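Here's the structure we're looking at; comments come further down.
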């Protein structure tokens, strides 16, 4: 199987079991079916930042193991489309931030070539972007046609209660207990996007392990100060 020149490590928490599907149940079910071989040629996920697109792509790769390749184009766009060569040898190719290279002729041709090769090989292409295919700015008509044929799913942001549930689910996945009052404290005193909240939880996890402390409000204040977003 092909290997990308750059080492790409999946985040250890990015699995289906640690993703709260509230409002996005059909998307999660579709992706799980896809990995099981029942999802057709692929899918297109889109939504605002911090809605879980990267998490879900990496969850597919974690479930599929060496049958899949995760490609974060926000990181690799400068490397050029040559990094796509050979990816048709993977059963699942997950392209994150694919809209990052929209409008670049070389990249669009490389993606079109990959789409054709994957189709010939019976592979699955899963893309994530900030918008639906027609709103991303792709210029190559045949490539856009390929993308618009994919089942498209719009990821919904979590409401406040669901954000607390998502934080608690992530904490449990790490072997921590996050009480409701502590989770509410974090939401009230930090940026409310899930990427920031998960980053704070990662910090608390490390400090709680070192100090052998529970995630109480006094401990959170001690670690992060009165304003966790700082």
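FYI, it's all coordinate maths here, none of it is from the lab. Keep in mind it's a predicted model, so treat the numbers as computed, not measured. Note: ideal-geometry Cβ built from the backbone for every residue, glycine included; neighbour counts use all protein chains shown.
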In nm, to one decimal, how far is the residue 66 label point from the residue 121 one, both placed 7 Å along Cα→Cβ? 1.5
Relative to the longest principal axis of the C-alpha atoms of the chain, give the angle of the C-alpha long axis of helix 105-121, reported between 0 and 90° and rounded to the nearest 10°. 80
If neighbour count is taken as other Cβ atoms inside 10 Å, put 75, 60 in order from fewest to most. 75, 60
Fewest-first sequence of 190, 43, 26, 195 by Cβ atoms within 10 Å of each Cβ: 26, 195, 190, 43
Using only helices, what value at 222 nm comes out for the chain when you add -39,500 (n - 2.57) per DSSP H run of length 4 or more and divide by the total residues, to the nearest 500 deg cm²/dmol? -13500 deg cm²/dmol
Restricting to the chain, compute how many DSSP beta bridges are antiparallel as a %, nearest 5. 0
Can you give the FRET efficiency to the nearest 0.05 for residue 212 and residue 9, using r as the Cβ-Cβ distance and R₀ = 45 Å? 0.95
Which of 96, 202 has the fewest other C-beta atoms within 10 Å, and how do the rest follow up to the most? 202, 96
If one compares the long axis through the Cα atoms of helix 160-173 with the longest principal axis of the Cα atoms of the chain, the angle in degrees, nearest 10, works out at 90
Take the alpha carbon atoms of the stretch 120-162, find their center, do the same for the stretch 17-38, and report the distance between the two centers in whole angstrom. 16
Which angle from 0 to 90°, rounded to the nearest 10, does the C-alpha axis of helix 194-211 make with the longest principal axis of the chain? 50
